[in-house]
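Notes to accompany the following structure.
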Amino acid sequence: MKKRFRELERTLGAAMLVLLLAIPSWAAITVAVGTDPSKQILKGKIVTPDQVLDGEVVIEGETITCVAVDCDDPAGATVFTITNAYIFPGFIDAHNHVAYNFLPKWTPPKLYQRRAQWQATQSYKVFKKPYDELKEKGLTCEIIKYGEIKALISGVTTIQGTSPGSSCIRVLIRNAENQNKLGLKSLHIRTYILDISSFKGGIDWNVTKSFVVHLAEGLDTDDRSRNEFNILKQKGLFTGQTAIIHGTAFREAEFKEMAQVGAKLIWSPQSNLVLYGKTTNIRLALQQGVLVSLGVDWNPSGSDNIFDELRVAAQVNDSQFDNAIADSDWIKMITVNPSKALALDSEIGKLAQGLKADITVLQSKNSDPHQSLLNTHLQDVQMVWVGGNLLYGNKTVLEKVKPTQCEALTVHGSEKRICVKDTKENVPKATQTLAEIKAILQANYSNLAPLTP
Ligand SMILES: [Zn+2]
């Protein structure tokens, strides 16, 4: 009896220990404000994402100048000492329609076989009407910025899916097509969202390094959806610089050809499941060696944020793909892989010397950073930098680094500060605050989607 009791005691002790280890401690960030605001040092657990190391990231101006266990610390830098959190590269949402994210959820009346079907319904036309109306009222900047803010607070620093030539960008996150200070030529990225059969003209592949195209968004039993792949090839648009959004209709043969030419795939499972009841066979794509990125698509039929999209993807991976996607792939699907798909990998996508200082710090939810990422929610985002500019983070941190410059935002009980107003960039409406943007949208539209659902 005594022996049994001791065994039980030991087991319970071990269980308690496991429990204690599993409960994350709150992230602690201490800030020592320096004399030179252009220099910053982040000390803590870094996920580059190829490597996980205890070390430091040095930022000088817009650029990362050192990532190592120990760097030469520049004089006058502000130092952030970060514990119980992970320092990630800023996330890249490989596919979105930023300007639509002020709209609430759209519940399709039924499931469809292909994209053209739901787009033609009365239900969708009625749902989409406010988008056209607000644009007509001259509120394009406000709706894009609202979408950017939603992305920023989820750690996204670059997003695909705004029209090139948008006029109020450059003050928040990077809009891939608009470059946002990445110093690349215009048309470096070209996006096509209409039916591929209507594509006219050609592409100068010397200028355009990434052609991002909606393709084969339908069931794999739908011949019309699958045939879009042939049309893409016939038009000379299928190259290693092509990034295919969706490809839900693809089977092994299409993925094989994609891998052969080095074309990239962008996956948005939640929207696919809502509209078609099925998503892209990522297991087949990976077996063939296709590079896969993840994107939210948009909030109306997709996830509210990138963390939710990751969880949907992980669930599909478990229930349908026999966990073919490795844990360490998730972070790559929202950093380094989309930087390659969008041909921005010389600028962003990793924590590495010479790349832009786009950085996202998340509360540790698990001793494994990959598991931790899958358990992250909006309130766990600690700090977000875009090009060395801290735009969002915990109240205590921002009040020290940028006192009086940013606005209060409470995210599921967590007190944050967000810096929307920009007084430096010569961009229309740059000085608008979040409160002003929200007020303008609410005055013109009664059903504004919440910022932090
Ligand atoms: Zn889309």
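Looking only at the range 124-172, filter to residues that are among the hydroxyl-bearing types (Ser, Thr, Tyr) and within 16 Å of the ligand (Cβ to nearest atom); which one of those is surrounded by the fewest Cβ atoms within 10 Å (Cβ to Cβ)? Walk me through how you get there before you give the answer.
Of the range 124-172, the ones among the hydroxyl-bearing types (Ser, Thr, Tyr) are 124, 131, 140, 146, 154, 157-158, 162-163, 166-167.
Narrowing the set further to residues that are within 16 Å of the ligand (Cβ to nearest atom) leaves 124, 131, 162-163.
Numbers: Tyr124: 17, Tyr131: 18, Thr162: 23, Ser163: 14.
In this case the residue turns out to be Ser163.
Within the range 182-204, residues that are over 14 Å from Lys235 (Cβ atoms) have Cβ atoms under 9 Å from residues that are among the aromatic types (Phe, Trp, Tyr) in these pairs: Ile189/Phe211; Thr191/Phe211, counting only partners at least 6 apart in sequence or on another chain. So in the range 173-200, with the set limited to residues that are under 25 Å from Gly218 (Cβ atoms) and part of a loop (DSSP other than H, G, I, E, B), which one is least open to solvent (accessible area, probe 1.4 Å)? Filtering first and then ranking leaves Phe199.
Residues in the range 92-105 that are crowded, with 24+ Cβ neighbours inside 10 Å and not in a loop (DSSP other than H, G, I, E, B): Ile92, Asp93, Val98, Ala99.
Are any of the residues in the range 76-91 within 16 Å of the ligand (Cβ to nearest atom), open to solvent by 20 Å² or more (accessible area, probe 1.4 Å) and part of a loop (DSSP other than H, G, I, E, B)? No, the conditions are met nowhere in the range 76-91. Scanning the range 372-386 turns up no residue that is free of Cβ contacts under 8 Å to residues at least 60 places away in the same chain, farther than 24 Å from Ile46 by Cβ and out of contact with any helix residue (DSSP H, G or I) (no Cβ under 8 Å at 6 or more places or on another chain).
Residues that are surrounded by 18 or more Cβ atoms within 10 Å (Cβ to Cβ) and assigned to a helix (DSSP H, G or I) were ranked within the range 232-272; the one that is nearest to the ligand (Cβ to nearest atom) is Ser271. Among the residues of the range 351-397, those that are charged (D, E, K, R) and closer than 19 Å to Asp308 by Cβ comprise Lys365, Asp380.
Scan the range 173-197 for residues that are more than 27 Å from Asp422 (Cβ to Cβ) and within 16 Å of the ligand (Cβ to nearest atom) and jot them down. Let's see the steps before the verdict.
Step one: list which residues in the range 173-197 are more than 27 Å from Asp422 (Cβ to Cβ), which gives 190, 192-197.
Answer for the range 173-197, where residues must be more than 27 Å from Asp422 (Cβ to Cβ) and within 16 Å of the ligand (Cβ to nearest atom): Arg190, Tyr192, Ile193, Leu194, Asp195, Ile196.
Just to be sure, is Thr221 open to solvent by 10 Å² or more (accessible area, probe 1.4 Å), closer than 17 Å to Gly277 by Cα and either β-branched (Val, Ile, Thr) or more than 16 Å from the ligand (Cβ to nearest atom) (or both)? Answer is yes for this residue.
Just one of the listed residues (Val427, Val401, Val397, Val361) is in contact with a strand residue (DSSP E or B) (Cβ under 8 Å, 6 or more places away or on another chain), within 21 Å of Glu148 (Cα to Cα) and touching a residue at least 12 places away in the same chain (Cβ under 8 Å), namely Val361. Taking every residue in the range 162-181 that is touching a residue at least 12 places away in the same chain (Cβ under 8 Å) and of a type in the set (Asp, Glu) and pairing it with any residue that is surrounded by 19 or more Cβ atoms within 10 Å (Cβ to Cβ) and assigned to a loop (DSSP other than H, G, I, E, B), at least 6 positions away or on another chain, the pairs with Cβ-Cβ distances below 8 Å are Glu177/Gln160; Glu177/Gly161; Glu177/Thr162.
Tallying residues that are in a loop (DSSP other than H, G, I, E, B), in contact (Cβ under 8 Å) with a residue 40 or more places away in the chain, away from the ligand (no atom under 15 Å from the Cβ) and buried (at least 21 other Cβ atoms within 10 Å of the Cβ) within the range 282-305 yields 2. Of the residues making up the range 306-327, those that are open to solvent by 10 Å² or more (accessible area, probe 1.4 Å) and more than 16 Å from the ligand (Cβ to nearest atom) are Asp308, Arg311, Ala314, Gln315, Asp318, Ser319, Gln320, Asp322, Asn323, Ala324, Ala326, Asp327.
The values are calculated or read from the model by the stated rules, or taken from the named source; none is laboratory data. Keep in mind it's a predicted model, so treat the numbers as computed, not measured. Positions of Cβ are generated from backbone atoms using ideal geometry, with glycine treated the same way; all protein chains shown enter the neighbour counts. Just the protein is used for accessible areas: all its heavy atoms, side chains included, with ligands, DNA and RNA removed. Shrake-Rupley method; radii C 1.70, N 1.55, O 1.52, S 1.80 Å.
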